[in-house]
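This report refers to the structure that appears directly beneath it.
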Ligand code: ZN
């Protein structure tokens with residue numbers, strides 16, 4: 001009996017997996033590709049939730065308290081929550097997954113109504129702030145850098161299994177290259193700078209990598225106002241847009257309005273799918289089809 005007990009402690013120790021936490025589901029896919037059966041990965045933002053506004057639940061905090069390493073990805077909810085996570089688990093290491101990535105920028109518009117002392121609305125000021133585009137994982141080029149960061153971090157935490165991680169890292173690089181080649185094949189026939197319209201601008205790096213232009217419907221994470229909507233519809237008409245991509249993480253009534261008034265399709269494509277490779281190929285296929293239709 002005593003012997004069995006010691007044996008079970010030993011096996012738990014020898015076969016213990018590294019507990020990893022990440023922000024979004026595609027990151028979980030990346031860490032599992034390299035960590036294989038040596039890691040146990042939890043994504044904090046659950047399917048259907050937006051990583052821009054997510055508020056972790058008590059169950060997420062319990063996961064954090066069991067985590068050895070957290071891979072942030074510079075997505076909005078982390079600005080508020082990483083400090084809280086660090087407080088929850090003082091032993092947890094942080095390893096930034098986007099280290100070495102060249103960030104694109106996004107324009108962030110804010111409107112401010114000035115009021116005078118009688119509370120009359122006066123001039124409106126329009127402020128444009130530039131912020132880094134956080135949707136980095138949607139680019140095979142960027143994911144190669146992420147893969148390298150994951151490989152280094154896991155090898156540092158668990159040097160005994162370095163050769164295992166290295167083999168998986170190499171295999172994942174092959175998969176990324178295959179994905180990239182398939183996307184290029186699919187987009188081969190469409191012209192450079194072909195445009196696609198998305199509700200939420202999550203595909204900026206994809207557009208950069210494949211010489212496409214992303215047009216967005218959403219303004220600051222919100223449905224556009226009627227006036228803005230008219231402008232967007234006019235733009236879509238002028239650009240001869242054939243499809244609008246929306247995602248389940250957001251309410252997309254305005255995308256439907258545009259689509260209805262132009263008699264074009266609304267396609268659901270999330271940038272947060274678990275099967276990262278298949279998802280990007282699906283998006284490339286949809287863009288190619290909507291641009292070739294006439
Ligand atoms: Zn987003």
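The values are calculated or read from the model by the stated rules, or taken from the named source; none is laboratory data. Nothing here was measured: the structure is a model prediction, and the numbers come from that model. Because the Cβ atoms are built from the backbone with ideal geometry, glycine has one as well, and the counts that use them run over all protein chains shown.
Okay, here's what the table says:
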| read-out | value |
| --- | --- |
| Residue in segment 40-53 that is assigned to a helix (DSSP H, G or I) and at pLDDT 95 or above present | no |
| Failed criterion for residue 206 (all others in (1) within 18 Å of residue 287 (Cβ to Cβ); (2) surrounded by fewer than 19 Cβ atoms within 10 Å (Cβ to Cβ) hold) | (2) |
| Residue within segment 103-126 that is at pLDDT 95 or above, buried (at least 17 other Cβ atoms within 10 Å of the Cβ) and within 30 Å of residue 218 (Cβ to Cβ) present | no |
| Residue match in segment 213-230 (condition: touching a strand residue (DSSP E or B) at 6+ places or on another chain (Cβ under 8 Å), at pLDDT below 95 and part of a helix (DSSP H, G or I)) | yes |
| Test for residue 60: is it more than 16 Å from the ligand (Cβ to nearest atom), modelled with pLDDT of 95 or more, within 30 Å of residue 246 (Cα to Cα) and in a helix (DSSP H, G or I) | yes |
| Exclusive hit being within 16 Å of the ligand (Cβ to nearest atom), in contact (Cβ under 8 Å) with a residue 12 or more places away in the chain and more than 22 Å from residue 168 (Cβ to Cβ), set 44, 73 | 44 |
| Subset of segment 144-160 (residues that are assigned to a helix (DSSP H, G or I) and in contact (Cβ under 8 Å) with a residue 40 or more places away in the chain) | 145, 146, 147, 148, 149, 150, 151, 153, 154, 157 |
| Residue list for segment 231-248, restricted to those being part of a helix (DSSP H, G or I) and either under 17 Å from residue 204 (Cα atoms) or touching a residue at least 24 places away in the same chain (Cβ under 8 Å) (or both) | 232, 233, 236, 237 |
| Search result, residues across segment 132-172 that are within 20 Å of the chain's Cα centre (by Cα) and away from the ligand (no atom under 16 Å from the Cβ) | 140, 141, 143, 144, 145, 146, 147, 148, 149, 150, 151, 172 |
| Considering residues of segment 245-266 that are surrounded by 21 or more Cβ atoms within 10 Å (Cβ to Cβ) and more than 16 Å from the ligand (Cβ to nearest atom) only, the residue nearest to residue 280 (Cα to Cα) | 259 |
| Members of segment 267-287 that are touching a strand residue (DSSP E or B) at 6+ places or on another chain (Cβ under 8 Å) and within 16 Å of the ligand (Cβ to nearest atom) | 268, 269, 283 |
